[in-house]
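Structure first, then comments.
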Amino acid sequence: MVYYPKGCDGLAVINVSEEELKEQRFFIQRVKAVTHMFDHKPLAFTHSYGCQQNVSDSEKLDGMLADMGFDFTDSPENADLVLYNTCAVRENAENRVFGNVGALKHSKRRNPDMIIAVCGCMVQQEHIAKRMKERFPYVDLIFGTHVLHKFPEMLYGIYEKGSRLICIPESDGVVAEGLPVRRTDKIKASVPIMYGCNNFCTYCIVPKVRGRERSREPAEVIAEVRRLIEDGYKEILLLGQNVNSYGKDKGMAFPQLLKELDGIEGEYIISFMTSHPKDCSYDLIDVIADSRHISHHLHLPVQSGSDRILKLMNRHYDTGRYLDLVDYARSRIPDLQLTTDIIVGFPGETYEDFRKTLELMERVKYDSAFTFIYSRREGTKAAEMEDPVTDEEKGRWFRELLEAQGRIGENAYARYVGKTLRVLAEGRGRTDEKLLTGKSRQNIIVDFAGDDALLGQFVDIRITKALPWALIGELLQ
Ligand code: 5AD
Ligand code: SF4
């Protein structure tokens, strides 16, 4: 039997009301009463696939779990509850989830009381939810992206009724303020400023699974960032699918929000992702250039260097506009780190088009690029387009792209050698365990010799060596 809680019938809700959240707090207590009866402290294993937004959602799910009496474990085998927060952007991420859920079959047989839950973007797609439900009858709970805040109620429903629960309402999306958050990091914190996406890039499933753009209230965002800085966090990552269209309906555009946040006293860095080039304004670049705390890193996904393909992708900019932005950003912020996303093998792309992407990469000289082979997503426009190029051919182009970026990126950081960078010390070295690792204002990894007592502090590091993905330096006293 499948049980549907209230609100799981396709209602479009925009703001989750205080009453609704109160109701969920009531269910948190009910679940807590259940877990209290266990002969041991219940353990949860949670794992998040995909983007930072998902990681941030998982911090909320973990926060609710902690309030419901759970501790956390690194191993799904001995957990009382396993929760996978899934990603739908590319097929290989989905295959990994199917593999990992499949592997839980034996754990569930050994421990029939174990609760297995799968949520997030992947199961927000109807055909996937159906497949998950049929192929894995031992999965207890499947819920979509718009009902995250109902997790306590759903979990209580399972404990109380002992039946499976599937809750995937279609919705334009919700904003839920005031959910508990479990942050494991003491130095870095992410803060979603908006949810959803209105862009409908033709290859992308995100608008379908995450709903329409909706921004959080500027006052809520500013208060949260202020609180985090007061609590000692040093790096705040603002999240949104397209942060540049933040606040359109809130009377405060993204550059203005950044300006407000930059005014908070203290030593900290504010970074953000992701910027859509079509909405990236010169004003934004000016605000970054003139700021005290905003990261000198721009992640500006270009996707393709061919204007023909950009049009087919529905990106709403051409390479001319993109290059103007890049040139302006570099002129205003000379130490800028610039990164991008690129898709190879979009339907109808020819080798000629692909060569244009290579040319653009040579022209821009990215510090690094996240490169993907196009993955067909059911329900998107691109999925209906002719796609005659074979996987082998796309694989060859992809390797050519990697090779080109490898060559360009190899010496990209050399320009920082001899310079002194202000670095936030974050943990043990990534190049060498004996070193400390940190992040510069440009969002570059910097390793250096230093004492653990420096963790969480900003230090000046003279850069002595550049690797393709990190810098090495010496601590200046
Ligand atoms: N296939 C391949 N890559 C994709 N991305 C989004 N959708 C797809 C897809 N269907 C990439 C884009 C985006 C990044 C987050 O993932 O490059 O910027
Ligand atoms: Fe997808 Fe485009 Fe929205 Fe990014 S901007 S989430 S690529 S539709």
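The values are calculated or read from the model by the stated rules, or taken from the named source; none is laboratory data. Values in this document were obtained by computation on a predicted structure and should not be read as measured data. Cβ sites come from the backbone with ideal geometry, for glycine too, and all protein chains shown count toward neighbours.
Quick notes
- Complete set of residues in segment 265-311 that are more than 25 Å from the chain's Cα centre (by Cα), touching a residue at least 12 places away in the same chain (Cβ under 8 Å) and under 23 Å from Phe398 (Cα atoms): Ser306, Asp307, Arg308, Ile309
- Pick from segment 259-282, criterion among the polar types (S, T, N, Q) and in contact with a strand residue (DSSP E or B) (Cβ under 9 Å, 6 or more places away or on another chain), ranking: farthest from ligand 1 (Cβ to nearest atom): Ser271
- Restricting Arg407, Arg430, Arg415 to residues that are over 30 Å from Glu126 (Cβ atoms) and in a loop (DSSP other than H, G, I, E, B) narrows the list to Arg430.
- Checked against (1) within 16 Å of ligand 1 (Cβ to nearest atom); (2) touching a Phe, Trp or Tyr at 6+ places or on another chain (Cβ under 7 Å); (3) of a type outside the set (Ser, Thr, Tyr); (4) more than 30 Å from Arg355 (Cβ to Cβ), His293 passes all but a single condition, namely (1).
- From the options Val97, Val31, Val2, residue that is β-branched (Val, Ile, Thr) and at pLDDT below 95: Val2
- Test: residue in segment 132-147 that is under 18 Å from Val209 (Cβ atoms), in contact with a Leu (Cβ under 6 Å, 6 or more places away or on another chain) and outside the structural domain of Ser440 (by TED's automatic domain parsing): yes
- Test: residue in segment 195-213 that is within 16 Å of ligand 1 (Cβ to nearest atom) and under 21 Å from Leu261 (Cα atoms): yes
- Qualifying residue in segment 212-225 (condition: away from ligand 2 (no atom under 16 Å from the Cβ), assigned to a strand (DSSP E or B) and not charged (D, E, K, R)): no
- Cβ pairs under 8 Å, 6+ apart, first in segment 35-59 and touching a residue at least 60 places away in the same chain (Cβ under 8 Å) and more than 14 Å from Phe70 (Cβ to Cβ), second among the aromatic types (Phe, Trp, Tyr) and assigned to a loop (DSSP other than H, G, I, E, B): none
- Residue selected from segment 36-76 under the condition among the aliphatic types (A, V, I, L, M) and assigned to a helix (DSSP H, G or I), by the criterion nearest to Gly240 (Cα to Cα): Val55
- Single unsatisfied condition, Pro180 versus (1) more than 16 Å from ligand 2 (Cβ to nearest atom); (2) closer than 30 Å to Asp327 by Cβ; (3) touching a residue at least 40 places away in the same chain (Cβ under 8 Å); (4) not in a helix (DSSP H, G or I): (2)
- One residue from Val243, Val225 being in contact (Cβ under 8 Å) with a residue 40 or more places away in the chain, surrounded by 22 or more Cβ atoms within 10 Å (Cβ to Cβ) and away from ligand 1 (no atom under 16 Å from the Cβ): Val225
- Criterion: of a type in the set (Gly, Ala, Ser) and surrounded by fewer than 21 Cβ atoms within 10 Å (Cβ to Cβ) - qualifying residue of Gly211, Gly162, Gly196: Gly162
- Taking segment 248-344 as the region of interest, the helices (runs of 4 or more DSSP H) fully inside it that hold 3 or more residues being within 24 Å of Tyr416 (Cβ to Cβ) and away from ligand 2 (no atom under 16 Å from the Cβ) are 282-290, 319-332.
- One residue stands out in segment 346-373 among those that are in a loop (DSSP other than H, G, I, E, B) and surrounded by 20 or more Cβ atoms within 10 Å (Cβ to Cβ): the one that is farthest from ligand 2 (Cβ to nearest atom), namely Asp367.
- Options Lys365, Lys356: the member that is away from ligand 1 (no atom under 16 Å from the Cβ) and at positive phi: Lys365
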